[in-house]
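J.: The structure's right below; bear with me while I get my questions together.
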2 protein chains.
Amino acid sequence: MFQELLGVADLDAIHRTSMRLLESTGVNFPVEGALSFFKRHGIRVDGKRVYLAESQVMEALKTAPRSFTIRARNPQRSVVVGGGEPVFAPGYGAPFLVDPEAGKRLPTMEDYERLVKLAHVLPNQDMSGLVLVEPSDVPAESAHLRMLYTHMTCSDKPFIGSTSGQAGARQTMEMAGILFGAQVREEPVMICLVNSLTPLGYSVEMLGALLEYAGRRQPIIIAALAMAGSTAPVTLAGLLALQNAELLAGVVLTQLVSPGTPVVYGSTSTNIDMRTGALCIGSPELSEMIVAHAQLARFYGLPCRSGGALTDASYPDAQAGFESMMGLLTAVNSGVDFVLHSAGILSAYLAFSYEKFVLDDEMCGMVRRLRRGFEVTPETLAYDVAAKVGPGGNYLMEDHTLAHCRTAFWQPAVCDRGGLDAWMKGGREDAVVRARERWQRLLAGYREPELDGIIRRQLREYVGLP
Amino acid sequence: MFQELLGVADLDAIHRTSMRLLESTGVNFPVEGALSFFKRHGIRVDGKRVYLAESQVMEALKTAPRSFTIRARNPQRSVVVGGGEPVFAPGYGAPFLVDPEAGKRLPTMEDYERLVKLAHVLPNQDMSGLVLVEPSDVPAESAHLRMLYTHMTCSDKPFIGSTSGQAGARQTMEMAGILFGAQVREEPVMICLVNSLTPLGYSVEMLGALLEYAGRRQPIIIAALAMAGSTAPVTLAGLLALQNAELLAGVVLTQLVSPGTPVVYGSTSTNIDMRTGALCIGSPELSEMIVAHAQLARFYGLPCRSGGALTDASYPDAQAGFESMMGLLTAVNSGVDFVLHSAGILSAYLAFSYEKFVLDDEMCGMVRRLRRGFEVTPETLAYDVAAKVGPGGNYLMEDHTLAHCRTAFWQPAVCDRGGLDAWMKGGREDAVVRARERWQRLLAGYREPELDGIIRRQLREYVGLP
């Protein structure tokens, strides 16, 4: 049972508004290779503008799978998207780092590698991600190759493919070919993030990546970041109707290119602050959009993606904590299948933080535990022990307690439960200090997962490393 | 639609286990005045132990109202409990304060007055509460009188009555008689918190208060703080079955004393850390208990109370933020009617913080906004403006945007949306600094609500103030 905000009539009204927009206003696909797929299927194209009828949309949706598996090079790390459990992937695309000493600073490739290693060892990250930060000390045009190499060698969790245009996608596939061998042609070995260009369009770069990945039947997240009041209507229902139109047009394209291609219906849309124009990703509106977006995904029978631990704060403080928990818990309660930005993001996507990475990963564990709930069985109802202990007794030394005490409760890795006096005596450490100790300890204990030497050498050669 | 963890069969199994405990193990009521009510209604009593049959419980539940209004001395501030919207009340009972300079310190009566003034002006606190902290500079035996006086004069929001035994309850009613006049005999003018003594008992002090308030038909929260693994079974289903038995026994007593007395089914039960024995109020188990407890309340048709912004952290840091949001959002999503501890608590109830009070109140506004959702109407679906703007356009200057921009979005009072560069230039202030500025500004702008001079003088005389 999932959190909901919209009734059946609301969902239908949003759907019908989107269909009107698709039919009469259309969506821009400024790439001939994309337009030709639409034309070939009898869909109306005028210039770079594509106009879709409801029947054409619904027909294409029939072939999109409800769930699929992303294969990791370590098969035990493979993940199912759309299988009822959320997949957590780290923050994506931050140009800056925030650290407790320097504050804002530029990330390096060394940072990047450390963050991938952390993604590998953090217990609640299901994927190692991509573009955790944008490394400033490697050329922008080849940075994605270095990033991919790092994910492929420093982690055996599944990763995200590059969408640096058609070339980035092709290179990702070639590297995956080295890593996975023939498997790469048979099953999904990554997922990629194709962003729409709200309102009602796609960029040349993203379409290039979409065509490449769909042609190889690799999973694609089609995602909008619509901003209510700026790139979309100021009213949230209108934003949903608009982005639904552009998302569905992209979903249709994936199925025209290759029916059955796994595709995820994605959004991290939210409001702007009307006084400053600033994007707000810690707002209640962002969480409202998560709930509604997940409902629309179920309406269409598609797996869905949202953001997670998001905040407008520029430091991992209380605000960062409560905004991030609101988004993450809402995503999980809403039945979101793929949570991108489940850890690390600060300052409305502008920054990543090592400390927040660790803190958010802890949150991921907490919300997973909360969502799973507890068993009600004769053993857990514990009638016999309650009757035995009776009024005024204590359960601490009961056999029933001893039998369950190791597994009954969630255990924190970084949260402080030491109490007020220990906190005073310990120098009043806050969560940032504890998180810092944890990531440094995790990195110190990191061991690279085994990789065949020939594969490693081929990957190094491919990306131009000595 | 509320968040749920239990199925119908689970609820029934918990109910049946509780009924077995009530019938064969019983609950301790160590006060003759309470036992006589049970005896008078043909309920089996042995010593101080009361044994209830299912039919006796269900019969008593029939007269407990599903909702009721607590009258404030300013009628516009009156609140409905059980009316579909959560009532937020501040933290309750902390012996210490934590402030950014001193860390842990003892609260004074001056602190108490400032906190009540803040409770009065904070936009999302619906009640001013009671025992926000325990003031260290007034005698313990009369502290409740000073507290009540402060709530009655510094705020016109509804307050919580004292449960310092039968005397505290009687004094509360006498002071309320001065404040409300004859109204005090006709309708609820406060609510009080009666804690059970888990497992399966009540204290003499709490029973004294219960009898006094029920005799005057004032609302009573009957609440457990059962600790899984210590005062209750280590398995959460067993904890629920146990506390349900003791809570229902208390609820029955209220209805035997005076049928129709408003009574709230309450819990902030949770686990302990099995390594240290420490109470864990920031744990996912606490939130699981909130969801399940609210389901049981609906099962019995009773309004329900849980905790809210709870944390084990001793400072308003990221951990305090995310743990508090988890509890608060879960309470609201679960349909909890009365959220005690909706703001201010740190360190597993040991401390209160001015800064966290302000931060948590902001969270209350956010979760309220999120829960309310948004409208789907032709106007908000915004088809016309979306068709007009078309692909690639911008909505910022559209009439539709201008018409809605002032009301469309939630506005923060303390959250930072200034971005990374402004944060660097502004000296890297964190949420504690901003929260501190806010409460100092709120106090500076505080104006005492008007109160008749004669009433004020009578209240001063009653509590022994010059």
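Quick note: the coordinates plus some simple rules give every number you see, no bench work behind them. Just so it is clear, the model here is predicted, and its values are computed rather than measured. Quick reminder, even Gly has a Cβ in these numbers, built from the backbone with ideal geometry, and neighbours come from all protein chains shown.
J.: Under 5 Å between amide H atoms, partner at least 5 residues away or on a different chain: which partners does A:A228 have, H built in plane at 1.01 Å?
T.: Long-range HN contacts for A:A228: A:T270, A:N271, A:I272.
J.: Could I ask something else about it? Kindly give Rg over Rh for the protein assembly as shown, based on alpha-carbon atoms, with the Kirkwood expression for the hydrodynamic radius.
T.: Details: Rg = 29.1 Å, Rh = 29.1 Å.
On the Cα set of the protein assembly as shown, Rg over Rh gives 1.00.
J.: Charges on Cβ only, +1 for Lys and Arg, -1 for Asp and Glu, centred on the Cα centroid of the stretch A:44-138; of A:V79, A:F96, A:S67, which one is farthest towards the dipole's positive end?
T.: Ranked along the dipole, the leading option is A:S67.
J.: While we're here: B:K48: which aspartates and glutamates have alpha carbons under 20 Å from its alpha carbon, excluding same-chain residues fewer than 8 sequence positions away?
T.: B:E23, B:E32, B:E205, B:E212, B:E246
J.: Taking each residue of A:403-412 in turn, how many C-beta atoms of other protein chains fall within 10 Å of its C-beta, and what is the average?
T.: Numbers: counts 2, 7, 7, 2, 2, 9, 14, 6, 4, 8.
Across A:403-412, the average partner-chain Cβ count within 10 Å equals 6.
J.: Can I ask one more? Find, among the trypsin sites (Lys or Arg not before Pro) in the stretch B:181-281, those assigned to loop by DSSP (not H, G, I, E, B) with at most 13 other beta-carbon atoms within 10 angstrom.
T.: Values: sites: B:R185, B:R216, B:R217, B:R275; in loops: B:R216, B:R217, B:R275.
Filter output for the stretch B:181-281: B:R275.
J.: To continue, here is another question. Among A:W410, B:W423, what is the fewest-to-most ranking by other Cβ atoms within 10 Å? Mind showing how you got there, number by number?
T.: On the way: A:W410 18, B:W423 23.
Listing A:W410, B:W423 from fewest to most nearby Cβ atoms yields A:W410, B:W423.
J.: Could I ask something else about it? Applying 1/(1 + (r/R0)^6) with R0 = 45 Å to the Cβ-Cβ distance of B:D137 and A:F2, what FRET efficiency is obtained, to the nearest 0.05? Intermediate results must be reported in sequence, preceding the final value.
T.: On the way: r = 51 Å, r/R0 = 1.13.
The calculated FRET efficiency here is 0.30.
J.: Taking amide H atoms as placed 1.01 Å from N in the peptide plane, list the residues 5 or more away in sequence, or in a different chain, whose amide H sits under 5 Å from that of B:S136.
T.: Excluding prolines and chain starts, which carry no amide H, the hits are B:T108, B:M109.
J.: Quick one: label points 7 angstrom along Cα→Cβ at B:A53, distances to the other copies in nm, smallest first?
T.: From this label point to the equivalent ones elsewhere in the assembly: 7.1 nm.
J.: Residues of the stretch B:289-331 with the amide nitrogen closer than 19 Å to a label point 7 Å from the Cα of B:E23, along Cα-to-Cβ, please.
T.: B:300
J.: Right, another one. Calculate for the protein assembly as shown the 222 nm mean residue ellipticity that helices alone would give, adding -39,500 (n - 2.57) per DSSP H run of length 4 or more and normalising by residue count, nearest 500 deg cm²/dmol. Could the numbers behind the result be given before it?
T.: Numbers: 34 runs with 410 residues, N = 932.
Only helices count here, giving -13500 deg cm²/dmol.
J.: Give the shape of the stretch B:264-371 as rounded, prolate or oblate, defined through the alpha-carbon gyration tensor: a ≥ b ≥ c are the square roots of its eigenvalues, a/c under 1.5 means rounded, and otherwise the shape is prolate if a/b is larger than b/c and oblate if not. List each step's numbers first, then the result.
T.: On the way: a/c = 2.06, a/b = 1.22, b/c = 1.69.
Oblate shape, in that a/c is at least 1.5 and b/c is the bigger or equal ratio.
J.: Name the GluC sites (Glu not before Pro) in the stretch B:380-466 that are in a loop by DSSP and that have at most 11 other C-beta atoms within 10 Å, would you? Don't jump to the answer; show the numbers that get you there.
T.: On the way: sites: B:E398, B:E429, B:E437, B:E450, B:E461; in loops: B:E398, B:E429, B:E450.
Here the GluC sites (Glu not before Pro) that fit, given the DSSP loop and packing criteria, are B:E450.
J.: For the protein assembly as shown, give the share of DSSP beta bridges that are antiparallel, in percent and rounded to the nearest 5; count only bridges with both residues there. Spell out each step's value before the answer.
T.: Numbers: 29 of 79 bridges.
Antiparallel bridges: around 35 percent, rounded to the nearest 5.
J.: Also: Given the options B:A241, A:Y446, A:T153, identify the residue whose Cα lies farthest towards the positive end of the charge dipole of the protein assembly as shown (+1 on Cβ of Lys, Arg; -1 on Cβ of Asp, Glu).
T.: B:A241
J.: How do B:E323, A:E355 line up, fewest other C-beta atoms within 10 Å first?
T.: Numbers: B:E323 31, A:E355 27.
With the fewest neighbours first, B:E323, A:E355 line up as A:E355, B:E323.
J.: All other residues with a Cβ under 13 Å from the Cβ of A:G26 taken together, and with Lys, Arg as +1 and Asp, Glu as -1, what is their net charge?
T.: Details: positive: A:R20, A:R44, A:K48, A:R49; negative: A:E23, A:D46, A:E246.
Around A:G26, the surrounding residues sum to +1.
J.: Next up: Given charges of +1 on the Cβ of Lys and Arg and -1 on the Cβ of Asp and Glu, with all other atoms neutral, how large is the dipole of the protein assembly as shown about its Cα centre, in debye to the nearest 20?
T.: Values: 86 positive and 100 negative charges, 147 e Å.
Taking the Cα centre of the protein assembly as shown as origin, the dipole is about 700 debye.
J.: Give the cross-link partners of B:K157 among the aspartates and glutamates, using a straight C-alpha distance below 13 Å as the criterion and excluding same-chain residues fewer than 8 apart.
T.: B:D126, B:E448, B:E450
J.: The stretch B:416-447 to the stretch B:201-221: how many Å between their Cα centroids?
T.: First find each Cα centre; the distance between them is then 43 Å.
J.: Which Cβ of chain B lies nearest the axis of the rotation superposing B onto A, and at what whole-Å distance?
T.: For chain B, the closest residue to the axis carrying it onto A is B:G321, 1.
J.: Let me ask something else about it. What is the set of long-range amide H partners of B:V263 at a cut-off below 5 Å, with H atoms built 1.01 Å from backbone N?
T.: B:I220
J.: Okay, next question. Please tell me the relative contact order of the stretch A:64-217 in percent, rounded to the nearest whole number, where contacts are Cα pairs under 8 Å and at least six residues apart.
T.: Working: 266 pairs, mean separation 34.6, N = 154.
Contact order relative to length: 22 percent.
J.: Which value, in debye to the nearest 20, describes the size of the charge dipole of the stretch B:46-166 about its Cα centre when Lys and Arg Cβ atoms bear +1, Asp and Glu Cβ atoms bear -1, and nothing else is charged? Write down the numbers at each step before the final one.
T.: On the way: 13 positive and 14 negative charges, 68 e Å.
That gives the stretch B:46-166 a dipole magnitude of about 320 debye.
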